[in-house]
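Engineer: My questions all concern the structure below.
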Amino acid sequence: MMIKYNIEISKKIFIDIDKEVALSRMIQRSKEESREDDNEETYNNRYKVFEENTLPLLNYYNDFSRIDNNGTLEHLYEQLDELFKGDEKNGDL
């Protein structure tokens, strides 16, 4: 598809988070937004699909930048900002 539309990917990013941190955030979101579909069983199913279908791609796209999403949202933004620093000036964004 990228070739069809003549799109070049300049960066590949994996935003990583520990399984337990993601579960904790999802449970909190469920409480705040009254989302019945956000429960531990659903999460475990989603994580299994992630492990089976997405994680294997990391071996294929092994030249990605890993971003740690276990901290605050501000920390995530700082890491992304640092990663893309200079790209805007060079016209890569």
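Engineer: Could you identify the single residue in Leu73, Leu93 that is at pLDDT below 90 and open to solvent by 90 Å² or more (accessible area, probe 1.4 Å)?
Structural biologist: Of Leu73, Leu93, the one residue that is at pLDDT below 90 and open to solvent by 90 Å² or more (accessible area, probe 1.4 Å) is Leu93.
Engineer: For the range 31-48, which residues satisfy the criterion of being in a helix (DSSP H, G or I) and either at pLDDT below 90 or of a type in the set (D, E, K, R) (or both)?
Structural biologist: Lys31, Glu32, Glu33, Glu40, Glu41, Arg46, Lys48
The values are calculated or read from the model by the stated rules, or taken from the named source; none is laboratory data. What you are looking at is a predicted structure, and each value in this text was computed from that prediction instead of being measured. Protein only, heavy atoms only, side chains kept; ligands, DNA and RNA dropped before computing areas. Shrake-Rupley method; radii C 1.70, N 1.55, O 1.52, S 1.80 Å.
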